Amino acid sequence: MSRFSDRVEAISISGIREVFEAASDDAINLGLGQPDFPTPAHARRGAIEAIEAGEVDAYTSNKGTIGLREAIAEKHARDNDLDVDPNDVIATAGGSEALHLAMEAHVNEGEEVIFPDPGFVAYDALTKLAGGTPKPVALRDDLTLDPAAVEEAITDDTAVFVVNSPANPTGTVQSPEDMREFARIADEHDVLCLSDEVYERIIFEGDHRSPMEFGENVAVVNACSKTYSMTGWRLGWVTSTTDRIERMLRVHQYVQACASAPAQYAAEAALSGPQDVVAEMRDSFHERRDVLLDGLADMGLETPTPQGAFYAMPRVPDGWIDAVIDEGVVVVPGEAFGEHGAGHARISYAVDVETLKEALDAMRAATDRVS
């Protein structure tokens with residue numbers, strides 16, 4: 001008899017963590033995927049006031065408080081021109097749980113899940129935990145996901161395909177035409193388009209469009225983590241059609257019961273309160289992106305221009321990542337995000353400009369060593 005499940009044996013600790021452990025304690029960390037800003041004061045106050053009023057001492061509704069779900073619906077109307085019913089929203093323990101619910105509710109044993117390669121590390125792992133078969137699809141040269149490649153990969157065994165825009169690890173943004181195509185593909189092939197939109201408010205060029213605008217077979221995952229610098233609060237959500245939400249709720253009620261009540265009140269305040277802090281963070285990331293791209297270009301490294309999020313993925317020579325880590329800067333090997341990430345490095349610019357410039361000096365020294 002096996003001691004552990006085959007599903008757990010099929011996954012391993014993220015390669016990102018291995019890089020962190022290899023770096024020195026005083027290294028500059030450009031591998032961390034979280035904003036370096038404080039959570040907005042009005043979001044913190046939302047939690048504090050709810051705690052002091054005794055409103056967080058019991059379970060909330062499985063789906064989350066009605067106040068939060070209404071705030072999420074209003075956010076989608078404001079930002080995405082979508083008519084979302086608050087009853088078709090589940091508040092989750094971050095975007096990660098929302099992805100997990102979607103996979104568990106839609107993937108049968110052996111069914112295929114298509115996702116970008118390179119792509120967010122959870123897509124492969126959550127597919128395997130759901131008993132599915134990962135089917136990574138290589139990106140275009142500009143590191144965006146080609147709808148034609150997704151459609152070509154679909155078979156009778158396909159249950160889900162994942163779209164992530166703005167994307168982790170590439171920072172790329174899918175065009176409105178791409179998003180319309182993804183919706184068409186989902187509807188015509190009767191598969192779920194799982195749209196990971198956690199970085200949607202951190203966008204520098206172009207516009208974020210959700211495939212939910214264009215089709216029915218879509219589930220949208222989002223979170224307060226990146227937009228409001230609330231990674232530690234662990235508050236995300238998923239929204240889709242009523243029948244899909246009902247199935248995801250069956251999973252959620254047993255694995256989580258409900259999202260943390262204090263975090264729900266903080267998220268409601270973040271979504272409903274002043275949004276100027278979001279623009280301020282986005283503008284800061286935009287400035288940092290330009291500093292990083294200029295520095296990488298000076299080193300002769302080719303980098304597709306990230307239009308959103310806070311990551312860049314330059315093409316790097318052999319030995320470059322180890323040399324950079326030796327110089328005291330943590331970056332993540334591209335292959336940690338899939339086999340097609342080989343030859344790239346993911347760099348997070350969620351640090352202040354001075355720290356970024358210091359890191360670029362170290363990268364320049366490393367580039368000189370391996371050139």
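Filter segment 85-121 for residues that are open to solvent by 20 Å² or more (accessible area, probe 1.4 Å) and among the aromatic types (Phe, Trp, Tyr) and give the result.
Within segment 85-121, Phe120 is the sole residue that qualifies.
Checking the conditions here, which among Asp190, Asp276, Asp207 is farther than 21 Å from Asp124 by Cα, at pLDDT below 95 and surrounded by fewer than 23 Cβ atoms within 10 Å (Cβ to Cβ)? Break it down into steps so the answer makes sense when it comes.
Numbers: Asp190 fails: at pLDDT below 95; Asp276 fails: at pLDDT below 95.
Testing whether each residue is farther than 21 Å from Asp124 by Cα, at pLDDT below 95 and surrounded by fewer than 23 Cβ atoms within 10 Å (Cβ to Cβ) leaves just Asp207.
Could you list all residues from segment 20-75 that are touching a Pro at 6+ places or on another chain (Cβ under 8 Å) and of a type in the set (A, V, I, L, M, F, W, C)?
Ala47, Ala50, Ile51, Val56, Ile66, Ile72, Ala73, listed by residue number.
For residues that are in contact (Cβ under 8 Å) with a residue 40 or more places away in the chain and of a type in the set (S, T, N, Q), tally how many sit in segment 261-283.
Start the filter on segment 261-283 by keeping residues that are in contact (Cβ under 8 Å) with a residue 40 or more places away in the chain, which leaves 261-274, 277-278, 281-282.
Then keep just the ones that are of a type in the set (S, T, N, Q); that gives 264, 272.
Residues in segment 261-283 being in contact (Cβ under 8 Å) with a residue 40 or more places away in the chain and of a type in the set (S, T, N, Q): 2 in total.
Based on what the data block shows, is Gly308 touching a Pro at 6+ places or on another chain (Cβ under 9 Å), of a type outside the set (A, V, I, L, M) and at positive phi? It would help to see each step written out before you state the result.
Values: touching a Pro at 6+ places or on another chain (Cβ under 9 Å): yes; of a type outside the set (A, V, I, L, M): yes; at positive phi: no.
When the stated conditions are applied, Gly308 does not pass them.
Looking at segment 60-68, is at least one residue without any contact (Cβ under 8 Å) to a residue 60 or more places away in the chain and either out of contact with any strand residue (DSSP E or B) (no Cβ under 9 Å at 6 or more places or on another chain) or over 25 Å from Pro262 (Cβ atoms) (or both)?
yes
Can you tell me which residue in segment 216-228 is nearest to the chain's Cα centre (by Cα), limited to those that are open to solvent by 10 Å² or more (accessible area, probe 1.4 Å) and within 24 Å of Arg247 (Cβ to Cβ)?
The qualifying residue nearest to the chain's Cα centre (by Cα) is Asn217.
Taking the criterion of being over 20 Å from Glu339 (Cβ atoms), among the polar types (S, T, N, Q) and touching a helix residue (DSSP H, G or I) at 6+ places or on another chain (Cβ under 7 Å), would at least one residue in segment 83-94 satisfy it? Before you say what the answer is, go through the steps one by one.
Of segment 83-94, the ones over 20 Å from Glu339 (Cβ atoms) are 83-94.
Okay, now just the ones that are also among the polar types (S, T, N, Q), so 87, 92.
Within this subset, residues satisfying the condition of being touching a helix residue (DSSP H, G or I) at 6+ places or on another chain (Cβ under 7 Å) are 92.
Yes: one or more hits.
Which of the residues that make up segment 291-324 are open to solvent by 10 Å² or more (accessible area, probe 1.4 Å) and farther than 17 Å from Ser371 by Cβ?
Residues of segment 291-324 open to solvent by 10 Å² or more (accessible area, probe 1.4 Å): 291, 293-294, 297-305, 307, 315-319, 321-322.
Once the filter is applied, which keeps residues that are open to solvent by 10 Å² or more (accessible area, probe 1.4 Å) and farther than 17 Å from Ser371 by Cβ, segment 291-324 yields Val291, Leu293, Asp294, Pro304, Thr305, Gln307.
Does Ala183 satisfy the criteria of being hydrophobic (A, V, I, L, M, F, W, C), open to solvent by 30 Å² or more (accessible area, probe 1.4 Å) and either over 24 Å from Ile13 (Cβ atoms) or in a strand (DSSP E or B) (or both)?
Numbers: hydrophobic (A, V, I, L, M, F, W, C): yes; open to solvent by 30 Å² or more (accessible area, probe 1.4 Å): no; either over 24 Å from Ile13 (Cβ atoms) or in a strand (DSSP E or B) (or both): yes.
So Ala183 does not fit the description; no.
Taking segment 230-244 only, how many residues are open to solvent by 10 Å² or more (accessible area, probe 1.4 Å) and within 18 Å of Gly273 (Cβ to Cβ)?
1
On the basis of being within 22 Å of Phe120 (Cα to Cα), of a type in the set (Gly, Ala, Ser) and buried (at least 22 other Cβ atoms within 10 Å of the Cβ), does Ala350 make the cut?
Numbers: within 22 Å of Phe120 (Cα to Cα): yes; of a type in the set (Gly, Ala, Ser): yes; buried (at least 22 other Cβ atoms within 10 Å of the Cβ): yes.
Considered against the rule, which asks whether it is within 22 Å of Phe120 (Cα to Cα), of a type in the set (Gly, Ala, Ser) and buried (at least 22 other Cβ atoms within 10 Å of the Cβ), Ala350 comes out as yes.
Take Gly343 and decide whether it is surrounded by fewer than 24 Cβ atoms within 10 Å (Cβ to Cβ), at positive phi and small (Gly, Ala, Ser). Walk me through it before giving the result.
Values: surrounded by fewer than 24 Cβ atoms within 10 Å (Cβ to Cβ): yes; at positive phi: yes; small (Gly, Ala, Ser): yes.
Judged against the criteria, Gly343 is a match.
Provide a single number: the residues in segment 113-128 that are farther than 14 Å from His344 by Cβ and out of contact with any Ser or Thr (no Cβ under 9 Å at 6 or more places or on another chain).
Pass one, segment 113-128, residues farther than 14 Å from His344 by Cβ: 113-115, 120-128.
Filter once more, keeping what is out of contact with any Ser or Thr (no Cβ under 9 Å at 6 or more places or on another chain): 120, 123-124, 128.
So the answer is 4.
Please specify each residue of segment 148-175 satisfying the condition of being within 19 Å of the chain's Cα centre (by Cα) and surrounded by fewer than 22 Cβ atoms within 10 Å (Cβ to Cβ).
Correct list: Ser175 only.
Give, as residue ranges, the helices (runs of 4 or more DSSP H) completely inside segment 1-84 that count at least 1 residues that are of a type outside the set (Asp, Glu), modelled with pLDDT of 90 or more and surrounded by 13 or more Cβ atoms within 10 Å (Cβ to Cβ).
Because the criterion is at least 1 residues that are of a type outside the set (Asp, Glu), modelled with pLDDT of 90 or more and surrounded by 13 or more Cβ atoms within 10 Å (Cβ to Cβ), the helices (runs of 4 or more DSSP H) in segment 1-84 that meet it are 6-9, 41-52, 66-80.
The values are calculated or read from the model by the stated rules, or taken from the named source; none is laboratory data. Predicted model, so just to flag it, every value in this text is computed and none were measured. All Cβ positions, even for glycine, are placed from backbone atoms using ideal geometry, and neighbour counts span all protein chains on display. Only protein heavy atoms, including side chains, enter the accessible area calculation; ligands, DNA and RNA are left aside. Shrake-Rupley method; radii C 1.70, N 1.55, O 1.52, S 1.80 Å.
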